[in-house]
Each structure stands twice: as C-alpha cells, then as structure tokens.
Amino acid sequence: MPQYSPTPLPDAVESKGERPRLNPRLVAPADHELGPGLGDLPAPDSLSLPRRPEQVRIRELRPLTLAQVENLVEVNNPSLKAIASQVDQAQSRLRAEVARWYPTIELNAGSFPGFSASETRTNFANRLTNPDGTRSPGSTTTSEQRWTAAASLLTQWSLIDPVRTPSIAAARDDFEKSKFQYVIALRNLRLQVSQAYFELQAADNQVRIGQESVRASLVSLRDTRARFQAGVATRLDVLEAETQLARDQQLLTNALAAQAISRRVLAQLLDLPQDVTPTAADPPQVLGMWQPSLQESIVAAYAFREELDQILLDISIANSQANAALGQVQPFLNVFAGFDAAWSDISTSRRSDTPVVDASGSYDASVGLNLRWRLFDGGAAAAQARQSRQRAEESTFRFAEQRDAIRQQVEESFYQLERNNRNIATTARQVIQSREALRLARLRLQAGVTTQREVVDQQRDLTQAEVAYSNAITDYNIRLAELRRRTGLDEIATCPARSLPAEKPPLDTDIPVEPAPLLPACQASNPGLL
C-alpha cells in the first residue's frame with residue numbers, strides 16, 4: 001500500500017511578502033455620498049443629544065431597500081468614521097517618524113528684549129565737610145536702567161541614528177495595519193447591516209403570519225360559536241377555538257415587539273435622525289445560489305482575509321521594534337551649528353551728576369560634531385530586543401490559529417447554507433401540505449365528522465410551518481452574506497424573476513367554507529374527480 005506523503009504548503013511570507021500592502025482594487029471602497037432619495041437622511045451631529053420627548057418621537061417610517069441600507073451605513077455609521085480617524089492618526093504618526101530624517105532648527109530667546117531698573121541709596125557718616133572744617137553725615141543715590149537682548153540659534157542633524165530606520169519601518173507597518181483594520185471593519189459592517197436587514201424582513205414576515213393566524217382564529221371562533229348556538233358544537237369546541245385565538249394573539253404580540261426592536265437596531269447601525277425609523281422595502285426572498293465550491297471558498301478566504309495580513313505586519317513591527325531596541329546602545333553622531341548673540345545698554349546716574357551710558361554687545365558662532373554612545377546599560381536593550389523577537393514568534397502562532405479559524409468559519413457557513421437550502425425545500429412543502437390539511441380539516445368539521453381540536457391542531461401546524469419557512473429563508477440569506485464576507489467572493493447566481501400577479505390574492509381564511517358531503521375514500525381517489 002503506497003504511503004501518503006503530504007504536499008508541502010507554500011510559506012505565507014513568500015506568497016504575501018514580509019510586509020503585505022493593501023490592494024485597493026480588491027476592496028470595494030465605502031460610499032461617501034448618500035444615494036438618490038436618501039439626501040434627507042444624513043447622520044445627526046456627533047455631539048447632538050436630545051433633551052425633549054418630542055425630539056425622539058418617531059414621525060416617519062421610511063421604507064428602505066437592501067442597497068439603500070448598505071449606502072446609508074457606509075456614509076453615516078459613526079463606528080466606521082472612528083476607524084477612519086484611526087487611519088489618519090496612524091498616517092500622522094508615520095509622518096512624525098519620517099521627520100527624523102530632517103534637521104532641526106531651534107531658536108531660543110531668553111530676553112528679547114529685557115528691561116530692569118534699580119536704585120541704590122548709600123549713607124555715609126562724617127563725609128561732608130562744613131566750613132568750619134568739621135564733618136557731618138550724608139547720602140548718595142545711584143539709579144541704573146538696563147536694556148538687554150540675547151538670542152541663540154541652533155541647527156542639528158543626525159548623521160548616524162540607529163533607531164531612526166526601524167522606527168520609521170514600524171510606523172509604516174502600523175499605518176498599513178490600520179488600513180487593513182478599516183477594510184475589516186467595513187466588511188464586518190456590511191455583513192452586520194445585511195444580517196440586521198434580513199432579521200427585520202423575518203420580523204415583518206412574523207407579523208404577517210401572526211396577523212393571518214389571528215384572522216383565521218377569529219373566523220374559526222365565529223363559526224364555532226355559531227355552530228354552538230345551533231347545537232351542533234360543544235362548549236369544549238368553543239374553548240379550544242378561544243385558546244387558539246389567544247395563542248395567535250400572543251404570537252402576533254411577540255412578532256410586533258421583535259419588529260420594533262429590529263427596526264431600531266437597524267436605525268442604530270444607520271445612524272438615522274432621531275425621528276425616523278427604517279422599514280424593509282424588499283420582501284423576504286432567496287437572494288441567489290453560491291457558485292464556488294467549498295475548496296474554492298477556503299482558498300479564496302486565505303487569499304482575501306485581511307486578518308492574516310495584519311498578523312504578518314505584527315511580525316514585521318515586532319522585528320523593527322527589536323532593531324530599534326538594539327539601536328539604543330549603538331553610537332549616535334550629530335552635526336550642529338550654533339549662533340549666540342547678546343546686547344546690553346546700561347544707563348547709570350547719580351543725583352546731581354551727569355548720566356553715564358554704557359552699551360555692549362557680543363556674538364558667538366560654533367559648528368561641530370557630537371557623539372553619544374551608551375557603552376553599558378545592564379543588558380536592558382538586549383532584553384527588550386529579545387522580548388520583541390519573542391512577540392514576533394508569538395504572532396506566527398497567532399497566524400496558524402487565525403488560519404484554522406478562517407477555514408472553520410467558511411466551512412461552517414457553507415454547511416449551514418446547504419442545510420438551509422434543504423430546509424427551504426422541506427418547509428415549503430410543509431407549508432403547502434399544512435394549508436391543504438387545514439382546508440380538509442375545516443371541511444370535515446363542517447361535515448360533522450371531526451372536532452374543533454383537529455382544526456386547531458392543523459392551524460397551529462400551519463403557523464409553525466410558515467414560521468419555519470420564513471426562518472429558513474432568513475438563515476439562508478445570512479449564510480450567503482457570511483460567505484461573501486469570509487471569502488471576499490461575490491459569485492452569487494441570482495434567482496430568476498418570478499411572474500406574480502399584480503394584485504394580492506384573497507386570503508382563504510376570509511372566505512367562508514361551504515359545507516360539502518364527505519365522499520368515500522374509493523370515490524375520492526378516482527382520478528376523474530381530481
């Protein structure tokens with residue numbers, strides 16, 4: 001028996017590069033302007049805060065299609081705007097690091113100008129001589145006013161800076177990583193808003209099912225009460241009809257609450273004005289069929305998922321930080337040029353003396369090199385570099401973990417899509433069969449060969465079948481959206497358009513069922529009567 005030998009897989013660094021860059025051609029950019037018909041739905045001011053109840057009272061229910069919802073979320077969503085701001089911040093940090101290649105010019109003016117004034121009074125004993133030759137005490141007052149100005153200009157440029165290059169490389173990788181993060185957030189937001197829209201469609205469908213169930217229960221209760229008054233039904237039949245009506249009313253109440261919550265969840269994602277609530281304009285229907293195979297979907301996910309590129313950038317950033325740490329103990333060489341200038345004007349005067357002015361000025365120019373070299377740091381730089389290398393090694397394990405998680409996500413969505421595809425077919429048959437079973441149960445009840453319990457059971461089965469069919473369509477569409485997000489592919493074959501009547505057909509529950517005689521089984525199975 002030949003032994004299986006696995007084919008060696010290509011290395012991620014060889015296929016994607018040590019520092020992968022975002023390819024904008026592979027990513028659909030976010031919309032920056034609202035589409036037609038949405039100009040009156042801009043996002044409120046970010047710092048606005050309602051203060052009165054009328055400011056948050058809903059005044060408009062706006063029907064929106066899935067395409068309009070995707071346009072609104074890309075333009076209005078505050079979370080996406082915050083991540084876009086983080087991209088700008090990373091670009092500013094990169095620009096600050098690139099500035100290390102340029103010289104610095106510093107001007108320092110301690111006093112430009114400065115003024116000071118002082119007065120000194122000196123007392124002398126036996127200084128003045130009288131006419132008779134004797135001495136008497138006296139005093140002398142000296143005033144001084146000083147004007148000064150001093151300034152220095154220093155230019156410095158790093159000829160050798162071991163930290164500069166790895167720091168710029170780390171900042172550049174961080175900027176690229178922030179762009180990947182924006183793309184990830186954009187795709188996650190598109191998936192999130194699609195899921196919210198599909199869930200709103202499901203909630204609307206639940207309301208419709210609940211309304212039809214309540215309507216059918218009201219008709220059944222009306223007929224049962226009429227039959228009870230005619231003496232052909234029992235009190236138990238009336239109680240069973242009332243119980244079924246209460247169940248359907250509870251179903252409708254829960255559906256209305258879920259619909260209101262789903263609408264506000266979608267409004268929160270779209271950041272709509274406070275007085276507008278969105279509704280689903282598109283009816284719930286299958287979006288299409290997923291064309292790629294499972295293997296093609298997995299390989300596409302490995303090629304398009306930005307999470308893997310981010311981890312490769314983490315490895316590059318950690319290596320650059322290790323080089324920067326080692327650069328701290330290497331020599332730094334700078335060239336500098338300086339110019340210092342000072343000027344002073346001193347005016348001195350004594351009482352009854354002539355003022356004396358003394359002015360002076362000086363300047364000093366210098367140019368040269370300065371060297372800084374940390375000869376010993378106790379091993380701190382080597383330890384920091386080793387820590388960064390270990391962080392890079394940790395990222396390689398994170399890469400393997402993320403790779404396995406991506407495959408698991410794609411496989412889970414793919415298998416669930418197949419399950420939901422089968423559920424749509426089975427629940428559709430279940431709805432058709434339940435409707436026919438309910439119709440036959442009503443005929444049997446009117447013919448007097450069954451009880452109200454059978455009608456109640458069949459009506460409950462129909463409601464559950466319609467709910468299951470609606471959930472199957474919603475889950476199927478959500479799985480399609482997940483595969484689009486998780487693989488980067490958009491290969492979905494749309495369903496052919498169905499020819500539907502322009503008017504909605506009347507509901508069977510609104511049509512009274514005329515009593516008919518029950519045919520024997522052999523006669524009912526005659527093909528000529530079908």
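The values are calculated or read from the model by the stated rules, or taken from the named source; none is laboratory data. Note that the structure is predicted; figures quoted are calculated from it, not measured. Quick reminder, even Gly has a Cβ in these numbers, built from the backbone with ideal geometry, and neighbours come from all protein chains shown.
Mind telling me which of the residues ASN323, ASN334 ends up being in contact (Cβ under 8 Å) with a residue 60 or more places away in the chain, assigned to a strand (DSSP E or B) and crowded, with 16+ Cβ neighbours inside 10 Å? So that I can check it myself, show each step before the final result.
Values: ASN323 fails: assigned to a strand (DSSP E or B).
None of the other options fit; the residue is ASN334.
Taking ALA260 as the residue in question, decide whether it is out of contact with any Leu (no Cβ under 6 Å at 6 or more places or on another chain), at pLDDT 90 or above and either closer than 12 Å to GLU199 by Cα or not in a helix (DSSP H, G or I) (or both).
yes
Before we move on, is ARG486 assigned by TED's automatic domain parsing to the domain that holds LEU218, at pLDDT 85 or above, within 31 Å of the chain's Cα centre (by Cα) and basic (Lys, Arg)?
Here the answer is yes, as ARG486 does meet what is asked.
Is there a residue being on the phi < 0 side of the Ramachandran plot and not in a helix (DSSP H, G or I) anywhere in the range 297-311?
yes
Could you please tell me which pairs satisfy a Cβ distance under 7 Å, a separation of 6+ or placement on different chains, a first residue in the range 249-278 that is under 18 Å from VAL75 (Cβ atoms), and a second residue that is part of a helix (DSSP H, G or I) and of a type in the set (S, T, N, Q)?
The qualifying pairs are LEU269/GLN192; LEU270/ASN76; ASP271/ASN76; GLN274/GLN55.
Working only within the range 36-70, note down all residues that are at pLDDT below 90, surrounded by 14 or more Cβ atoms within 10 Å (Cβ to Cβ) and either more than 20 Å from ILE83 (Cα to Cα) or hydrophobic (A, V, I, L, M, F, W, C) (or both).
Scanning the range 36-70 gives LEU38, LEU41, ALA43.
Would the range 255-271 turn up any residue that is at positive phi and assigned by TED's automatic domain parsing to the domain that holds VAL75?
Kept after step one, since they are at positive phi, are these residues of the range 255-271: 271.
From what's left, assigned by TED's automatic domain parsing to the domain that holds VAL75: 271.
Yes: the range 255-271 contains one or more residues that are at positive phi and assigned by TED's automatic domain parsing to the domain that holds VAL75.
Any residue that is within 21 Å of TYR302 (Cβ to Cβ), modelled with pLDDT of 90 or more, surrounded by 14 or more Cβ atoms within 10 Å (Cβ to Cβ) and in contact with a strand residue (DSSP E or B) (Cβ under 7 Å, 6 or more places away or on another chain) - is there at least one of those in the range 372-395?
No; the residues of the range 372-395 include none that is within 21 Å of TYR302 (Cβ to Cβ), modelled with pLDDT of 90 or more, surrounded by 14 or more Cβ atoms within 10 Å (Cβ to Cβ) and in contact with a strand residue (DSSP E or B) (Cβ under 7 Å, 6 or more places away or on another chain).
From (1) surrounded by fewer than 17 Cβ atoms within 10 Å (Cβ to Cβ); (2) modelled with pLDDT of 90 or more; (3) over 30 Å from LEU94 (Cβ atoms), pick out the condition that doesn't hold for THR165.
(3)
Consider SER217 carefully, then state whether it is assigned by TED's automatic domain parsing to the domain that holds VAL286, under 19 Å from the mean Cα position of the chain (by Cα) and buried (at least 22 other Cβ atoms within 10 Å of the Cβ).
no
Residue by residue, here is whether (1) at pLDDT 90 or above; (2) among the acidic types (Asp, Glu); (3) in contact with a helix residue (DSSP H, G or I) (Cβ under 8 Å, 6 or more places away or on another chain); (4) part of a strand (DSSP E or B) holds:
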| residue | (1), (2), (3), (4) |
| --- | --- |
| SER111 | no, no, no, yes |
| ARG121 | no, no, no, yes |
| ALA150 | no, no, no, yes |
| THR155 | yes, no, no, yes |
| ALA169 | yes, no, yes, no |
